1. Condition first: over 22 Å from the mean Cα position of the chain (by Cα) and either more than 30 Å from residue 182 (Cβ to Cβ) or part of a loop (DSSP other than H, G, I, E, B) (or both). Now tell me which residues in segment 70-120 satisfy that.
2. Do you know which of the residues in segment 49-69 that are near the ligand (Cβ under 10 Å from one of its atoms) and in contact (Cβ under 8 Å) with a residue 24 or more places away in the chain is surrounded by the most Cβ atoms within 10 Å (Cβ to Cβ)?
3. Pick from segment 26-48 the residues that are part of a loop (DSSP other than H, G, I, E, B) and crowded, with 16+ Cβ neighbours inside 10 Å: which of them is farthest from the ligand (Cβ to nearest atom)?
4. Output the residues belonging to segment 193-210 that are closer than 8 Å to residue 234 by Cβ and either in contact with a helix residue (DSSP H, G or I) (Cβ under 7 Å, 6 or more places away or on another chain) or in a loop (DSSP other than H, G, I, E, B) (or both).
Ligand SMILES: [Zn+2]
């Protein structure tokens, strides 16, 4: 597919050239330019601008690699990268929905920005799996074992007693498919990743499983007669 794209004359040459550079690993990022002696610092220029705009220190900037500026970890690119994630996933989710056989009882739940575990349990089909209180109790047991992230510390300090259960209800899977007839729920997660490192598929897969382990674990504990699983979709960005 890559070869076809690169040799397709209908696609503007500049775009093909850009992708070619990505594949070859010589995109003119600060990291690359520093390596060939054309720049002094590999620190990300987009992160720097974002931090300066907020009046924050620009110490300890991440290296400006192709992978970095294509990840939500880049402070200057986070919004764009998140939008790309949502638009690719929306397309993929809609495609899966579209190829369903007419007889299939599998229902793809339509999720939006506001959707999380709490809003799922406000729909009619989810409380039929198990009630909210029981799920909250099981979720609490798992959530307390998951570290409080730095970005969550303020919320935790405000109310440590209810932090864990609230964190659970605020969790947002990218997709959920439910088959009430067969009593199966599948949580779907979508990740984009640079494919520089050989093990990127395994790494992203493990990351996604870790992210939703309290959802799957609590559901299994609260509704033993149902089956719960998670399917992860990992799409790679070429290059480093
Ligand atoms: Zn950055």
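1. Within segment 70-120, 99, 100, 101, 102, 103, 104, 105, 106 meet the criteria.
2. 64
3. My answer is 26.
4. Across segment 193-210, the qualifying residue is only 193.
The numbers here are math on the coordinates, done by the rules we state, and not lab data. As the structure is a prediction and not an experimental result, all values here were calculated from the model. Because the Cβ atoms are built from the backbone with ideal geometry, glycine has one as well, and the counts that use them run over all protein chains shown.
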